[in-house]
Amino acid sequence: MNRHLRKAVVVTAAISAGLLMTACQSNSTGSGTSSTGQHQSTSKTSSKTSSKTSGTAKKSTTSQKTSSGTTAQNASKSGQGVTGTFTGGTVSYLAPGKYIVSVPGKTDQAFFVADDTRVNGAGTICGSGQCTLDQLETATKKAAVTADVTLKKGVATLVSERASTGSGAKGVNGTWLGQVSYLAPGKFTVSGPKGAEQAFFVADDTVIKGYGTICGSSASPATCTLDQLETAAKKGLDATVVLANGIATSVTEDH
């Protein structure tokens, strides 16, 4: 009986030991699987974060490129420059090839000159006639010059000096009856005896009388504007011109 009891105890101990070993192995396998799952989950999260960061970086780069392109486009548009005529202003030197024209009541306008810019003088830039760009630069460095400026995309096509009694210009005095023709803003010619032409300038106080061609009518003459004189002279006009120091004091349409 005692021997059978001892065998039963030994068998029971063996079975218990086997069960314990199986349980340990099961726990070890489960723990390993959990660790692997955690590692895989961490890798996936890291990959997603990296992907989102990369996507954000790409969007930021795209945004920067778009912004840069818009800025460049706007700069290109602003670089087209101003087109128009600035009458009765003063021209001052800014830098080589760059000037500014100031017209009363308007914003100052910077502009450039080019090799084909025409410069007409009236005693300050140069004598009556066409001047050089160097003469324009020299004159405007000393003082602002009264002139009309025509711009195309920010570049002057014409700079035409306006003569004034205070400029020291020595112009022609006298009276001419003949055809008046337009030369440039504020500048005209009148044909004299034997077909000779005399250039002259107009000023704000030039009196212009019209009898139907410049303005008004033969029955009702009127005082015309400088713009009306310019328009008529471009087509052809006969008038009596009285000059004092190269500037017309009056232009009276022939009637």
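Read-outs: derived from the displayed coordinates by stated rules, not from any lab. Owing to the predicted nature of the structure, the values given are computational and were not obtained by experimental measurement. Quick reminder, even Gly has a Cβ in these numbers, built from the backbone with ideal geometry, and neighbours come from all protein chains shown.
What the table below lists for this structure:
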{"quantity": "Efficiency of FRET between Lys153 and Ser217 - r from beta-carbon atoms, R0 30 angstrom, step 0.05", "calculated": "0.15"}
{"quantity": "For Tyr182, net neighbour charge (Lys/Arg +1, Asp/Glu -1) across residues whose Cβ lies under 11 Å away", "calculated": "+2"}
{"quantity": "Built amide H within the under 5 Å cut-off of Ile208, gap 5+", "calculated": "Cys224, Val251"}
{"quantity": "Phi-based couplings in Hz for the range 203-218 (Karplus 6.51, -1.76, 1.60; Gly and Pro marked x)", "calculated": "10, 4, 9, 5, 8, 10, 10, x, 10, x, 9, 6, 6, x, 8, 5"}
{"quantity": "Net charge, Ala95 excluded, C-beta distance under 14 Å - Lys, Arg +1, Asp, Glu -1", "calculated": "+1"}
{"quantity": "Burial ranking of peptide ranges 213-225, 141-153, 102-114, 239-251 (average Cβ count within 10 Å, highest at the top)", "calculated": "239-251, 141-153, 213-225, 102-114"}
{"quantity": "Rounded, prolate or oblate (a/c below 1.5 giving rounded, otherwise prolate when a/b exceeds b/c) for the range 91-193 by Cα gyration tensor", "calculated": "prolate"}
{"quantity": "For the range 241-246, Karplus couplings with θ = phi - 60° (6.51, -1.76, 1.60), whole Hz, Gly/Pro x", "calculated": "10, 9, 10, 9, 6, x"}
{"quantity": "Potential extension, Gln135-Phe112 segment - 0.36 nm per residue separation minus Cα distance", "calculated": "6.8 nm"}
